[in-house]
Every structure is written in structure tokens, then in C-alpha cells.
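Have a look at the structure below before the remarks.
Throughout, read-outs are computed from the coordinates displayed, never taken from laboratory work. Predicted model, so just to flag it, every value in this text is computed and none were measured. Note that we place each Cβ from the backbone using ideal geometry, even for glycine, and neighbour counts take in every protein chain shown.
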Amino acid sequence: MTPQYRAVKGTRDLFPPETERWAAAESVCREVFRAHGFGPIRTPILEHTELFTRSVGETTDIVYKEMYTFPDRRGRSLTLRPENTAGVARAVIEKGIATGPMPLRLYYVGPQFRYERPQAGRYREFGQIGAELFGVAGPAGEAELLEMLFAFLKALGFVNLSVSINSVGTAATRSAFSEALRRHLAAHAAAFSEEDRRRLSENPLRLFESKDPSVRALLSDAPTPRDFLDEESGRHHEEVLRLLGEAGIPCEENPSLVRGLDYYTRTVFEVLSKELGAQDAILGGGRYDNLVESLGGPALPAVGFAIGEDRLLQVAPFRPPAAGWVLVLPQGPEELSEALRVAAEVRLAAPGSSVEVDLLARGFRKGLSRAGLIYDEAVARGYDRERMFVVLLGADEKAAGTVTWKNLATGEQETFPRWELSRRVGAGRQA
Ligand code: AMP
């Protein structure tokens, strides 16, 4: 049957067990972030368009061509958030806590929207997990944030990741660097695509997003932000590197790393995974000391990161711990209500297990064959084969007040009084 409706291009549906894996990774994240004093914030998916043009930057790819922007019924321009930092900064200012006690540690988990060309690992709706640390101007801000990030990545089973890091200095560094880039590239502009010519004239830093190999080659021997770094930013950068070294966080300096959002100052970083190909980062982040002030708040330094959840889960070795599975099988419709009660008892005795009742009550033979199929797919479904059971409940068992307990791994079957069920289930759990 051809479906009449399809998911919007670049969006996708996720089902179990993949959704279980997402949820488990998110709970690892919540645990690690809480342990570092970070609390969850939820901001709206819809924001006023101007928030992003002001913060992300008018000439960035995101704002220029990737936003889902539309007028609401009163003609106000709204945008589905393409990233969450601007929304968090707006919320912190609006609530009045940008002038409150510091540091302020917040994190978010949620969908973002960008009208990009869909390809492997790149979606129009994608998940991000991000953290923002406000009120710390010194390098300890970067150190804490990256230490937390690596604790999370380690908990997801990564072993060989390293941070690619750079400093883009201050606004003055940016404009001097930008001018130098323009001079370096101007003579070649005639051969550029229309888009790259626009980048060159509006914001040469954006040329780092160009896919054109000849532009990339020109950029490889172009000046870097480091050539224009002020003394204070240079010292800050050295200190960040020293603290990360002490914390045992593997870093590689990348002098030409310039991230795709305009609000960064000083530190910028990325973590790439070889499995995603050279261009694709699992996460990116940096310091944004001027953003809060530029949105009308107080001068408030900040540093943060955003992890692409889809890509993270694509490459993370992480598997959630396998769960037990129990099927309560009524012989026919007469045993159904009893089966529902037995299932409730099993749930109490085996927390964390997935306990199902065969609601269609199709009889033992069909029920057991379904249990066999699920047993075969146990690994893919995230079940622990040692903890997969069927509780058979027939007319005989009902009359005698017993249940028959079948261990799917061994095929062993045993009938015992129903009051023994919780004890046996509990014992099965420890086995
Ligand atoms: P950014 O907000 O551009 O700094 O991106 C942070 C991270 O979000 C990137 O490193 C990616 O992992 C992820 N990301 C950005 N855009 C997409 C997308 N269209 N699809 C999937 N992940 C994305």
C-alpha cells in the first residue's frame, strides 16, 4: 500500500528500540550534567525572527538560507529555532536572572530546525543537547564545560575523541582577520560561485563554509584569526589549553577553525568523528562573551556547546542496559482478566522489565510462537535473553490457583502456586 501521507522531507520518525536508545542516552546526559550542577531549561521552539538575525548573524548560512521563517496570523515574523543558545540567552535576560547570582549553569535537550539539503546525518529537524555556562569570563569556564562534555562522551563509550580548538579573539580580531581574508582572496573572486562572491563581500569568514575545493585550497594558506589575536585573548587561550591538559582532555589546535555562528569570541571548538566524514562534527561550541549584552541584557560572559543528537547516536558505542521481558499468556478470553492481574504482580516484582499480556488471547500455541520470534530478535530489541519468560495461564492453572512459568533461554517449564510468583520473578532477576 502506498502511504498517502509522508513525513516532511528532511524529517523522520523514530521507533523503538531506537527511541529507547535516545531516551537512555538522554538520561545519561541528565545524570552527568546534574552532577556538574547544570539544570535543564526548556525554551519555546518558536521565537521572534529578529532574535536569530541579531545573534546568529545576518550573513551566516543559518540565517541567510536555512531558517524556517513565516508570518503568524498577525503578520509578525516567527522562526522555528535553528539553534538554542539565542533562546536560552533571551530567556535568561527576560526572567531577570542575567543580573542574579553567578555562575548560572543550564542545559537543554530538544529539536532544532534548519532548511538544509538533507543528506546522511543532516536533517531539517534534528536534536541537540547543549549546555550554557554564564558568568565565568576566565578559562576555568571552558575547562569545566569541556570536562563535563568529555564525562558524558566517555559514559557513551567513546574512547578516542579529541577536541579541535582555536581562539577567534575579540570583535577587533574578527574584523582585522576578515579584512585580511578579503584582501587574500579578492584577486580570485572572479572564479568564485555567486554564493562565495556574496560571502566574500558580506562576511569573508563565511567562506570557511564553502564546499568549493579551489576556495578551500586558497583558505589553507590564508591568514588565520591567530595572526590578529590580542594579547589578552592569547593568554586566555594558553590558559585554556593548560587547564584542558591538566584535566586529561585531548586537544588539537586548529588555527583555521572558525565556527558558523557570528556570536563567538575567543575560544571555539569542535569534536569530529571519523565515522561521519571529514566535514561533519558531532558537536561544536565556544565562548560568547558579547551575546547577552547584544540582546539587551547586562554584560555577561558565557561559554557553551551543542551536540548534534542524531549524529551522536549514529556513532556512539553506547547501548542501553538490556531489560527483562515477560509475556503473560492467557489460554483464551476467559483467562484474560486474570492475566492482567498476574501481569501487574510481575511488574511489581521485576521493575525495569517489559511485561506484556497477550491481549488477543489467541491461545498458547500462537502466543508461544510469538514469544519465540521476540526471543530471536532479543538483541535488536534490547532484551536480556537470560531474563525472558512466559507465564502461561490456562483453565487448569486458573482453577488450581497456579501459573506455569517458562524460561525462554532454557525451555524449562515449571508450574507453581501463584502466590510464589513474585519470589520466583525476583529470583529470576538475580539469576
Ligand atoms: P551548530 O549549532 O551549527 O554549531 O551545530 C552543532 C551540532 O549540531 C553540529 O556539530 C551537528 O552535530 C549538529 N547539527 C547541525 N546541523 C545539523 C543538521 N542539519 N542535522 C543534524 N545535525 C546537525
**Request:** Within region 330-367, which residues have the backbone N less than 20 Å from the label spot 7 Å out from A399 along Cα→beta-carbon, could you tell me?
**Result:** 330-339, 363-365
**Item:** Full-extension gain in nm, K154 to R182, via 0.36 nm per residue minus C-alpha separation
**Value:** 6.0 nm
**Asked** Taking the chain as a Gaussian network, where each spring joins two C-alpha atoms under 10 Å apart, which residue of V342, V240, V268 fluctuates the most?
**Response** V342
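Would you tally the net charge around A91, using a Cβ to Cβ cut-off of less than 11 Å, leaving A91 out, and scoring K and R as +1, D and E as -1? Intermediate values should be presented prior to the final figure.
On the way: positive: R42, R90, K95; negative: E47, E94, E132.
My count for the surroundings of A91 gives 0.
Mind running the shape call on region 323-430? Use the C-alpha gyration tensor, a ≥ b ≥ c as the square roots of the eigenvalues: rounded below 1.5 for a/c, prolate if a/b tops b/c, oblate otherwise. All intermediate terms of the calculation are to be shown ahead of the outcome.
Numbers: a/c = 1.65, a/b = 1.23, b/c = 1.34.
It comes out oblate by the Cα gyration axes.
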**Prompt:** For the residues Y264, Y383, what sequence is obtained by ranking on other C-beta atoms within 10 Å, fewest first?
**Reply:** Y383, Y264
**Prompt:** How long is the gain from M1 to D13 if the chain were fully straight, where each residue apart is worth 0.36 nm and the alpha carbon distance is subtracted?
**Reply:** 2.5 nm
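Which ordering of D376, D221, D230 is given by a fewest-first count of other beta-carbon atoms within 10 Å? Present the calculation step by step, with values, prior to reporting the outcome.
Working: D376 12, D221 9, D230 15.
If I rank by nearby Cβ atoms, fewest first, I get D221, D376, D230.
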**Asked** Roughly how big is the chain's charge dipole about its Cα centre, with Cβ charges of +1 (Lys, Arg) and -1 (Asp, Glu), in debye to the nearest 20?
**Response** 1000 debye
**Message:** Is the C-alpha gyration tensor of region 144-225 telling us rounded, prolate or oblate? Criteria: a/c under 1.5 is rounded; beyond that, a/b larger than b/c is prolate, otherwise oblate.
**Reply:** prolate
**Request:** Would you mind checking which residues have amide H under 5 Å from L272's amide H? H placed 1.01 Å from N; only 5 or more apart, or other chain.
**Result:** S162, S164, I282
**Request:** Kindly write out, for region 209-226 in residue order, the coupling ³J(HN,Hα) from the Karplus curve 6.51 cos²θ - 1.76 cosθ + 1.60 (θ = phi - 60°), rounded to whole Hz, with x marking Gly and Pro.
**Result:** 8, 5, 9, 5, x, 6, 5, 5, 5, 4, 6, 5, 10, 7, x, 10, x, 4
**Complete:** Using the Kirkwood radius over Cα pairs of the chain, the Stokes-Einstein translational diffusion coefficient at 25 °C and 0.890 mPa s, in µm²/s and rounded to a whole number, is 98 µm²/s
**Request:** Pull up the cross-link candidates among the lysines for K65, meaning alpha carbon to alpha carbon under 20 Å and not fewer than 8 places away within one chain.
**Result:** K9, K211
**Asked** When the Karplus curve 6.51 cos²θ - 1.76 cosθ + 1.60 is applied with θ = phi - 60°, which whole-Hz ³J(HN,Hα) does each residue of region 282-297 get, with x for Gly and Pro?
**Response** 6, 7, x, x, x, 8, 9, 5, 9, 4, 4, 5, 5, 9, x, x
**Asked** Once the Cβ-Cβ distance between S220 and R341 is put in as r, and R0 is 51 Å, what FRET efficiency do you end up with, to the nearest 0.05?
**Response** 0.15
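How big is region 205-269 by the Kirkwood estimate over distinct Cα pairs, in Å?
13.4 Å
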**Message:** Give me a comma-separated list of calculated 3J(HN,Hα) values for region 395-404, in order, Karplus coefficients 6.51, -1.76, 1.60 applied at θ = phi - 60°, integers in Hz, x for any Gly or Pro.
**Reply:** 4, 4, 4, 4, 5, 8, x, 10, 9, 10
**Message:** Just to verify a number: FRET efficiency for D230 and E50, C-beta to C-beta distance, R0 = 25 Å, to 0.05?
**Reply:** 0.25
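Taking a ≥ b ≥ c as the square roots of the eigenvalues of the Cα gyration tensor of region 1-152, is the shape rounded (a/c under 1.5), prolate (a/b larger than b/c) or oblate? Display every interim value, and only then the final one.
Working: a/c = 2.11, a/b = 1.25, b/c = 1.69.
Oblate shape, in that a/c is at least 1.5 and b/c is the bigger or equal ratio.
Given R₀ = 41 Å, FRET efficiency for R76-L360 by Cβ-Cβ distance, to 0.05?
On the way: r = 51 Å, r/R0 = 1.25.
Calculated value: 0.20.
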**Request:** Under a cut-off of 20 Å between alpha-carbon atoms, report the lysines in cross-link reach of K398, not counting same-chain residues fewer than 8 places apart.
**Result:** K366, K406
**Asked** Which residue, P333, P111, P298, tops the fluctuation ranking in a GNM of the chain built on C-alpha contacts under 10 Å?
**Response** P333
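Which net charge results for the neighbourhood of L283, defined as the other residues with beta-carbon distances under 10 angstrom from its beta-carbon, given Lys and Arg at +1 and Asp and Glu at -1? Numbers along the way, then the final one.
Values: positive: R311; negative: E270, E309.
Around L283, the charge tally is -1.
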